[in-house]
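Here the structure comes first, spelled out in structure tokens, and everything after it is commentary.
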Amino acid sequence: MDELKLIPFQVEEILPLSSNVPEGVEMIEAPLLWEQTEQGKGNVIAVIDTGCQTDHPELKDRVIAGRNFTTDYDGDENNFEDNNGHGTHVAGTIAATENGTGVVGVAPQADLLILKVLSGNGSGRMDWIIDAIEYAANWEGPDGERVRVMSMSLGGPRDIPELHEAIKYAVNQDIAVVCAAGNAGDGREDTDEFGYPGAYNEVIQVGAIDFDRKIADFTNTNNEIDLVAPGVNILSTYLNGEYARLSGTSMATPHVSGALALLINLAESQFQRRLTESEIYAQLIKRTMPLGYSKQAEGNGLIRLGLIDKINDILSIYTQDWQATIARNEAKIKSMQP
């Protein structure tokens with residue numbers, strides 16, 4: 001039976017207390033969109049991982065439902081608690097509640113559907129993962145909620161047709177599927193390292209950079225990278241109500257998952273209709289900034305959620321100057337007339 005595993009990650013530091021907007025959340029400019037987007041409220045993000053500490057102070061109000069697909073806890077499908085730490089960290093980056101203490105996520109009012117597909121040792125059977133993807137695609141909440149985004153920081157080296165079909169099924173339900181690129185990189189931009197499901201064309205594959213906007217040495221590079229996000233020394237929620245700094249493309253991925261919740265609210269309020277998955281993807285990519293690396297390394301570049309507003313501000317200055325110049329020229333011409 002094929003297995004998928006956690007994308008390897010590095011625990012940099014565990015902290016009993018924290019009181020920060022994490023650097024990664026600031027770097028992608030999420031706070032600039034919070035007021036316009038109700039902090040992602042109304043969107044459900046499926047976190048397909050090791051589970052979640054559901055009573056963590058920053059997550060207890062964000063978990064809307066969940067299910068355990070593994071044999072952990074004697075296979076109790078209603079027990080999706082995290083016995084690894086990875087899933088809790090990912091969940092916090094996506095949607096840790098803004099409550100004045102601890103940390104805050106990219107979309108602090110988004111809801112989380114926690115699907116535990118990886119055991120405490122970080123591995124999971126392929127059928128668990130496929131079942132969870134299909135479950136998320138078909139899930140409906142008590143008030144008619146549907147999943148809009150799936151976040152998966154897991155992978156393996158093989159292209160598995162059944163996994164690919166499950167991914168395509170989810171995307172056909174207009175769900176944006178966000179996947180980690182993988183941490184098998186060799187530090188070179190011109191070599192390909194493929195991990196699945198990240199390398200499937202249908203998913204949004206995320207590579208990692210550090211806070212100096214440099215590509216992380218560990219991140220996979222390949223011709224299916226869509227964009228990059230902070231993935232080194234990332235602060236988020238952790239087990240036992242604590243906080244931790246972790247590194248890996250696993251940590252970059254939830255930045256994009258949370259960002260999509262903000263962009264869905266922003267774009268759908270502007271267009272006054274529900275957007276398709278491809279339209280949501282377009283809204284994401286228009287808010288990326290090239291960093292000067294090859295497309296294999298950075299895809300479309302670093303996600304910057306405030307980019308469009310900044311461009312509009314610059315253009316408005318030029319527009320005002322242009323209009324003022326026209327007015328001056330018209331006045332000059334008029335003054336020269338007999």
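The values are calculated or read from the model by the stated rules, or taken from the named source; none is laboratory data. In this text the structure is predicted, and so the values were computed from the model without any measurement. Here Cβ is always computed from backbone atoms with ideal geometry, including for glycine, and neighbour counts include all displayed protein chains. Each accessible area value is taken on the protein alone, full model and side chains, heavy atoms only, with ligands, DNA and RNA left out. Shrake-Rupley method; radii C 1.70, N 1.55, O 1.52, S 1.80 Å.
Here are the numbers for the structure shown:
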read-out: Qualifying position, being under 19 Å from I234 (Cβ atoms), open to solvent by less than 50 Å² (accessible area, probe 1.4 Å), out of contact with any helix residue (DSSP H, G or I) (no Cβ under 7 Å at 6 or more places or on another chain) and among the hydroxyl-bearing types (S, T, Y), among T88, T101, T97, T54; value: T97
read-out: Considering residues of segment 265-300 that are in a loop (DSSP other than H, G, I, E, B) and among the charged types (D, E, K, R) only, the residue surrounded by the most Cβ atoms within 10 Å (Cβ to Cβ); value: R287
read-out: Condition met for E77 (of a type in the set (D, E, K, R), under 23 Å from G42 (Cα atoms) and surrounded by fewer than 24 Cβ atoms within 10 Å (Cβ to Cβ)); value: no
read-out: Candidate set from segment 165-200 (those that are within 19 Å of N222 (Cβ to Cβ), assigned to a loop (DSSP other than H, G, I, E, B) and aliphatic (A, V, I, L, M)); member that is farthest from the chain's Cα centre (by Cα); value: A184
read-out: Strands (runs of 3 or more DSSP E) wholly inside segment 1-83 that include at least 1 residues being among the polar types (S, T, N, Q) and in contact (Cβ under 8 Å) with a residue 24 or more places away in the chain; value: 10-15, 63-68
read-out: E162 being at pLDDT 95 or above, out of contact with any strand residue (DSSP E or B) (no Cβ under 7 Å at 6 or more places or on another chain) and either open to solvent by 10 Å² or more (accessible area, probe 1.4 Å) or not in a helix (DSSP H, G or I) (or both); value: yes
read-out: Residue match in segment 186-193 (condition: among the polar types (S, T, N, Q) and crowded, with 24+ Cβ neighbours inside 10 Å); value: no
